Amino acid sequence: MSIATEVRQLGRHDGASVTVRGWVQTTRTHGKVAFVVVRDGTGIVQCVVVQKQVPPAAWELCGALTQESSVAVTGSVRADARAPGGYELAVQDLVLIGPSAEYPIQPKEHGVDFLLDNRHLWLRSSQQRAIMRVRNEVEQAIHDFFYQREFVRIDTPILTAAIGEGGAGLFEVDYFDERAYLTQTGQLYAEAAAAALGKVYCFGPTFRAEKSKTRRHLTEFWMVEPEVAWNDSADNMRLQEDFVSYIVERALARCRDELAILERDTAPLERVAPPFPRIEYAEAIRVLQARGHEIEWGADLGAPDETVLASDYDRPLFVMNYPREAKAFYMKENPADPRTVLCDDLLAPEGYGEIIGGSQREDDYDRLLRRIRAENLPEAAYGWYLDLRRYGTFPHSGFGLGVERTVAWITGRPHIRELIPFPRMLTRIYP
Ligand code: 4AD
Ligand code: MG
């Protein structure tokens, strides 16, 4: 009898007879010996098939196996220093589970549209698998960071009537007799929960009907949004730099192999540690103008602006206190300069741009109401949000970190579409 096992566990069964199930990556035959490389999701193993040691049907199958056929291989585990993972299988039997004729993705260069059309298959390739493992590590690090600090995770609604980030870029949904939207942010609900639980965060998919085709925008992306009672903007930025440093450290500690597969130069990531540099928005505008950028005080920063600003530093850069008009309605007026709000964007180095948007929230009822009206937001939908300022208002701050942009930076991938298993973009809802 053989023991069913995963490739990752082969070392525990040295010398024993095991069965591994997986997908065929490659096959090659040399006379009476064949080599079948099988991937099972936990690892890759070379299976050595010697004609006279296997049933005739198994030998015949060996010659006919195609890329991505699923198989069950039984064999004895043998240590081999040259093998990936350190072990190979001396095959005793080989059974076909599912054939795979004319697998569309071949070991050659394919165009990205073709690969995206075949995203459900593309995920099986080595770089995509490495990316998903880094993403998984980052998501786990996010939860661990907040759990260790005794934050409470709050799941916020995806269907909402309260617009979070302004009218542009909303997906409308028929909600019986009312109009609803797919949420752009869980923040407003996290604020309510912060008054109940102090330190909270939400983590989930968020939606923006982005009409822009850039390498940094998805229409569905995942965001983690902590919200902390009594934190001011400075506390908020300290939390961000600790958080981002922790995530990067975890990826470096636990995804070495994946980052190597992705050919990521990790030296810039090793430098990521608090404190991060901070500049005021007004200063950023002066720097950009001096470099010939056509930008005036009042405008939001564009991707090229962010790249230039961040390139002066070897770790992520905070740009603080933007003009009110450039930012969302809920940000707190800056007492030092009421034309601006107490906020920050965190810009990743190496051209990756904004990965976090954060702010202290407007906690004054009248000022918040004025902002809701000035932005022409449907006041009735914000009654509950204004209540948070009516019943025991409190200084509080929070931020949102985009998972895909963060993983793009950590893995060094140029386009955000590869960082999510099934990207949603302006022209892509399939597969
Ligand atoms: O700056 P944003 O719009 O901030 C918020 O949504 C706040 N409610 C967060 C908060 O304070 N709780 O978005 C936050 C982050 C951005 O920095 C970026 O990383 C990511 O979300 N993001 C996107 N990622 C992919 N595609 C898009 N279209 C994105 N829009 C924002
Ligand atoms: Mg932003």
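The values are calculated or read from the model by the stated rules, or taken from the named source; none is laboratory data. Nothing here was measured: the structure is a model prediction, and the numbers come from that model. Cβ atoms come from the backbone with ideal geometry, glycine included; neighbour counts cover every protein chain shown. Each accessible area value is taken on the protein alone, full model and side chains, heavy atoms only, with ligands, DNA and RNA left out. Shrake-Rupley method; radii C 1.70, N 1.55, O 1.52, S 1.80 Å.
In segment 142-180, what residues are surrounded by 14 or more Cβ atoms within 10 Å (Cβ to Cβ), acidic (Asp, Glu) and more than 28 Å from Val228 (Cβ to Cβ)?
None; the set is empty.
Suppose we filter segment 71-93 for residues that are closer than 30 Å to Leu115 by Cβ and either part of a strand (DSSP E or B) or open to solvent by 20 Å² or more (accessible area, probe 1.4 Å) (or both); how many remain?
Looking only at that region, the number is 5.
Since Ile261 meets every condition but one in (1) more than 11 Å from ligand 1 (Cβ to nearest atom); (2) closer than 20 Å to Val319 by Cβ, which condition does it not meet?
(2)
Suppose we keep only residues that are within 14 Å of ligand 1 (Cβ to nearest atom) and in contact with a Leu (Cβ under 6 Å, 6 or more places away or on another chain) within segment 320-352. Which one would you say is nearest to Ala284 (Cα to Cα)?
Checking each candidate, the answer is Leu347.
How about segment 261-282: which of its residues are part of a helix (DSSP H, G or I) and open to solvent by 70 Å² or more (accessible area, probe 1.4 Å)? Spell out how you get there, then give the answer.
If we filter segment 261-282 for residues that are part of a helix (DSSP H, G or I), which is where we start, we get 261, 267-270, 281-282.
Selection gives Ile261, Glu270.
Would you be able to say whether some residue in segment 41-58 is more than 42 Å from the chain's Cα centre (by Cα) and under 29 Å from Pro104 (Cα atoms)?
yes
May I ask you to verify whether Glu68 is open to solvent by less than 20 Å² (accessible area, probe 1.4 Å), closer than 27 Å to Ser125 by Cα and touching a strand residue (DSSP E or B) at 6+ places or on another chain (Cβ under 9 Å)?
Values: open to solvent by less than 20 Å² (accessible area, probe 1.4 Å): yes; closer than 27 Å to Ser125 by Cα: yes; touching a strand residue (DSSP E or B) at 6+ places or on another chain (Cβ under 9 Å): yes.
For Glu68, the condition - open to solvent by less than 20 Å² (accessible area, probe 1.4 Å), closer than 27 Å to Ser125 by Cα and touching a strand residue (DSSP E or B) at 6+ places or on another chain (Cβ under 9 Å) - is met.
Considering only segment 47-65, state which residues are crowded, with 20+ Cβ neighbours inside 10 Å and not in a loop (DSSP other than H, G, I, E, B).
Across segment 47-65, the qualifying residues are Cys47, Val49, Ala58, Leu61, Cys62.
So, in segment 7-36, exactly how many residues are surrounded by 17 or more Cβ atoms within 10 Å (Cβ to Cβ) and in contact with a Lys or Arg (Cβ under 9 Å, 6 or more places away or on another chain)?
The qualifying residues number 7.
Which pairs have Cβ atoms under 8 Å, sit 6 or more apart or on different chains, and link a residue in segment 214-231 that is under 19 Å from Phe243 (Cα atoms) to one that is of a type in the set (Phe, Trp, Tyr) and near ligand 1 (Cβ under 6 Å from one of its atoms)?
What qualifies is Glu225/Phe399; Pro226/Phe399.
How do the strands (runs of 3 or more DSSP E) wholly within segment 134-208 filter down when requiring 3 or more residues that are touching a residue at least 12 places away in the same chain (Cβ under 8 Å): which remain? Can you show your working first?
Numbers: elements: 172-175, 178-182, 199-207.
Because the criterion is at least 3 residues that are touching a residue at least 12 places away in the same chain (Cβ under 8 Å), the strands (runs of 3 or more DSSP E) in segment 134-208 that meet it are 178-182, 199-207.
Scan Arg324, Arg339, Arg291, Arg315 and give me the residue that is closer than 15 Å to Arg238 by Cα and open to solvent by 40 Å² or more (accessible area, probe 1.4 Å).
Values: Arg324 fails: closer than 15 Å to Arg238 by Cα; Arg339 fails: closer than 15 Å to Arg238 by Cα; Arg291 fails: closer than 15 Å to Arg238 by Cα.
After applying the criteria, what remains is Arg315.
Got a sec? Which helices (runs of 4 or more DSSP H) wholly within segment 328-427 have at least 3 residues that are within 16 Å of ligand 2 (Cβ to nearest atom)? Quick ask: steps written out before the conclusion?
Numbers: elements: 365-374, 383-390, 403-411.
Output list reads 403-411.
Does Asp314 satisfy the condition of being at pLDDT 95 or above, acidic (Asp, Glu) and farther than 24 Å from Asp337 by Cα?
Details: at pLDDT 95 or above: no; acidic (Asp, Glu): yes; farther than 24 Å from Asp337 by Cα: yes.
So Asp314 does not fit the description; no.
Among Ile420, Ile372, which is touching a residue at least 12 places away in the same chain (Cβ under 8 Å), under 20 Å from Arg324 (Cβ atoms) and among the β-branched types (Val, Ile, Thr)?
Ile372
Residues to consider are Thr214, Thr183; find the one that is open to solvent by less than 10 Å² (accessible area, probe 1.4 Å), on the phi < 0 side of the Ramachandran plot and within 16 Å of ligand 2 (Cβ to nearest atom).
Thr183
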